[in-house]
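Working notes, beginning with the structure itself.
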Amino acid sequence: MRTLQYFVFCCLSLAILSCGSGKTNEQSAAEKPVANKFKIKQLLEKNTCFACHKENEKLVGPSYAEIAKRNYSNERIVELIYKPEPENWPDYPAPMIALPHLDKEELLDIAQWINSLN
């Protein structure tokens, strides 16, 4: 009898664990912790983002804080880096150049950090 109880307990435990939290991969990706500020700074330097953008002040392009206020999804920010839409920022005389050669995973980390500023 004890063996049967143990077996049932193990089966129920496995069933519960295999169910997980019910979150999809998409939800899990959205909840990914924001990369630390040191890593983000390295990525921004590597990809020459600081040439046109600063965290809290307008430079050649909008500040990251200003971009965060637009509530773009992380994926949308990456799209706009790959193919900018200057009409989104008419107050800036120099349109952003397209940067399709940049690594998508790095840009997603940057985008997530930008959105964390909001």
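Near Lys83, which aspartates and glutamates are there with a Cα under 13 Å away, not counting those fewer than 8 places off in the same chain?
Within the straight-line cut-off, Lys83 pairs with Glu75.
To check my understanding: the extent here is largest minus smallest coordinate of the Cα atoms along each principal axis. What are those three numbers for region 25-118, in Å, largest first?
Answer, in whole Å and largest first: 39, 27, 24 Å.
Using Cα positions and a limit of under 17 Å, work out the aspartates and glutamates in reach of Lys46, with same-chain residues fewer than 8 apart set aside.
Glu55, Asp103, Glu105, Glu106, Asp109
What does the accessible area of Val34 come to, in Å² to the nearest 10, when a probe of 1.4 Å is used?
For Val34, the solvent-accessible surface is approximately 70 Å².
The values are calculated or read from the model by the stated rules, or taken from the named source; none is laboratory data. The shown structure was predicted, so the numbers you read here are calculated from the model rather than taken from an experiment. Areas reflect the complete protein model, heavy atoms only, side chains present, ligands, DNA and RNA absent. Shrake-Rupley method; radii C 1.70, N 1.55, O 1.52, S 1.80 Å.
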